[in-house]
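Below is one structure, written out as structure tokens; the observations come after it.
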Amino acid sequence: MRPSSLKTEQTTLATAANALNVLRDVFGYPAFRGEQAEIINHVATGGDALVLMPTGGGKSLCYQIPALLRPGCAVVVSPLIALMQDQVDAMIQLGVKAACLNSTLAWQEAQAVEQAIFSGNLDLVYIAPERLLLDRTLAMLDALSEAGKLALFAIDEAHCVSQWGHDFRPEYLQLSALHERYPQVPRIALTATADQATRNEILQRLGLGEARVFLSSFDRPNIRYTVVEKDNAKKQLLGFLTGRKGQAGIVYCLSRKKVEETTEWLKAQGYPALPYHAGLPAPERAANQRRFLREEGLIMCATIAFGMGIDKPDVRFVAHLDLPKSIEAYYQETGRAGRDGEPSEAWMTYGMQDVALQHARIAESGAAEGQKILESQRLTALLSYCEAPRCRRQVLLNYFGEEREPCGNCDVCTEPPELWDGTQAAQKALSAIFRTGMRFGVTHLTDILRGKTTDKIKQWNHDQLPTFGVGGDLDDHAWKSVFRQLAAAGLVHVDMAEHGALQLTETAREVLKGQRTVQLRRPVKRKSTPSRSSSSTVVSDLSPADDALFQLLRKWRADTAREQAVPAYVILHDKTLRELAEVRPVSHGLLAGITGMGSAKIEHYGAELLDLIRNEG
């Protein structure tokens, strides 16, 4: 082995050993997970990286530990000003010197942060992209770089650079300047979700052509996936929420009006709920977000304006009352549940009107034709997920290029649908669409097939059509399911410009001519009972005595968090409290063996925790 190669290997081994020491001493974790160790070594030794890792998979450690291993201050670019202080508070709890630099600071506070960076008193600084690109900030970074005090750049939520993504931030497009201006400073871009097209866009727009791509499994095994056919969505949501009082959750709605209505309705049903959408005054939005993060058991009703970067680990469910715009957006939004690894739920109800609205959104956007086609393909992938007769997790992960066995933790696995040869039914439905001039929606077409003589059918003489009454073997519910599945299979297009009219695609001809068969799933009547991820199940592994101590520890944590004006999870996670309740350590040394108990946390809270455990025991 050449001396240079030996030196490189020795450096890598030393870095790995130091990284593990930091993980254990600062963060209180015994070992790295997945590719964390390799990513950290790569960045700590000066390499660029694009990291795709699911929410709750430990992405933050991939830049936090290199920041502590490399000389100087690390700059973390985040689009989430409202959450920066919580991120900083979490670091300070761990004994890490951190601060944020954004527009919420008075000029004296900003000056103090800049001085701390220059004097070497900060390990990490969180900064918004628009602040980073100011001349004043760049001049400061220039000086740091020249002095060798710029540790790394971490670009969080890197999918924001994708111009047609679900969280686009135009200021992210300028971040390629970091590579041009500071080529010697390593950069790590991180995101929880990106299909192949978005990955390529991130690499190209951020100038990460030479970066290593670390692609972890997208699987979130603790999340149970359920999709139900929309039929009185509020009543269905209420059924889903039965037994979930006291759990934190997010309910996503498509419109601001629906967010407001659902919030008030939930409160009337006895569930503490808050609204969040872009139309609310900024102070109210910020206050509601703060309450959701810091209080327990709240439900946030929101549009997609809420959620990116939400660190709250104990969100037990994410419910969608409307269809998201793509499978990528769905994955990102459901990923906000169960960051702590505990059993959690992703529940969604959808119908044909949702499909029509999303098609309209694509048609009315100012996107180029090629982009509209891509967006339509992404929507079709989500419809296929909703109507798939096989394991939902398989369909979801296949979209991101992963293969896996059926999961046993989704509604399709636990209640497999019955499949039937729907070729004749499809031909009847497609024929009805064709013979009515492709100008009508599902309800009218269903009435034709079932032979109902409504005023509208008489008005258009549709009772004279050959297809009138040929579908009496199926009820309204079953025909609506057929039309949804035809849309999911790409045989039918929903045109909102024509008020939700169904139109045939080219591939529909093959079915009408008998050149292609169609397999359909029979609609399943889902039970409205809480599943095994209800709140009692999350702690069911604790004995009554241990559970009593766990609840006592949670109360202590809530009181401590209130005193310090930080979210409860910033003090300690539920997982750590549960382990404390089970193990009942009796010394500071034994506390060090508890997951999440780093040296700073033991120093801050060790004596109080030991007293609590001793007195309860």
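Between ASN121 and ASP455, what length comes free when the chain is fully extended (0.36 nm per residue of separation minus the Cα-Cα distance, one decimal in nm)? Spell out each step's value before the answer.
Numbers: separation 334, 0.36 × 334 = 120.24 nm, distance 7.70 nm.
So the chain would gain 112.5 nm between ASN121 and ASP455.
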- Residue separation between THR517 and GLU38 times 0.36 nm, minus their alpha-carbon distance, gives in nm 167.6 nm
- Select from the range 409-501 those chymotrypsin sites (Phe, Trp or Tyr not before Pro) which occupy a DSSP coil region and have at most 14 other Cβ atoms within 10 Å, ordered by residue number. none
- Query: Non-local amide H neighbours of CYS100 (under 5 Å, H modeled in plane, Pro and chain starts lacking H): which ones?
  - Reply: TYR126
- In straight Cα distance, which lysines are under 17 Å from LYS59, not counting same-chain residues fewer than 8 positions off? LYS312
- Task: Compute the distance in nm between two label points, each set 7 Å from the Cα along the Cα-to-Cβ direction, one at ASP476 and one at SER255.
- Result: 2.2 nm
- Task: Would you mind computing, in nm to one decimal, how far apart the modelled labels at ASP559 and LYS372 are, each placed 7 Å from Cα along Cα→Cβ?
- Result: 6.2 nm
- By how many nm would the segment from THR414 to ALA112 lengthen if fully extended, with 0.36 nm per residue of separation less the alpha-carbon distance? 103.0 nm
- Query: Can you list residues whose amide H is under 5 Å from VAL228's amide H, if they're 5+ apart or on another chain and H is modeled 1.01 Å from N?
  - Reply: MET348, THR349, TYR350
- Note on the structure: One finds the C-alpha centres of the range 199-242 and the range 91-138 to be spaced, in Å, by 32 Å
- Between the DSSP loop rule and a limit of at most 16 other Cβ atoms within 10 Å, which GluC sites (Glu not before Pro) in the range 377-409 are left? GLU402, GLU403
- Any idea how far apart LEU105 and GLN184 come out in nm if each label point goes 7 Å out from Cα toward Cβ? 2.6 nm
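Since every read-out is calculated from the coordinates, none of them should be taken as a lab result. Please read these numbers as outputs of a predicted model, since none were measured by experiment. Don't worry about glycine lacking a Cβ; one is built from the backbone with ideal geometry, like all the others, and counts go over all protein chains shown.
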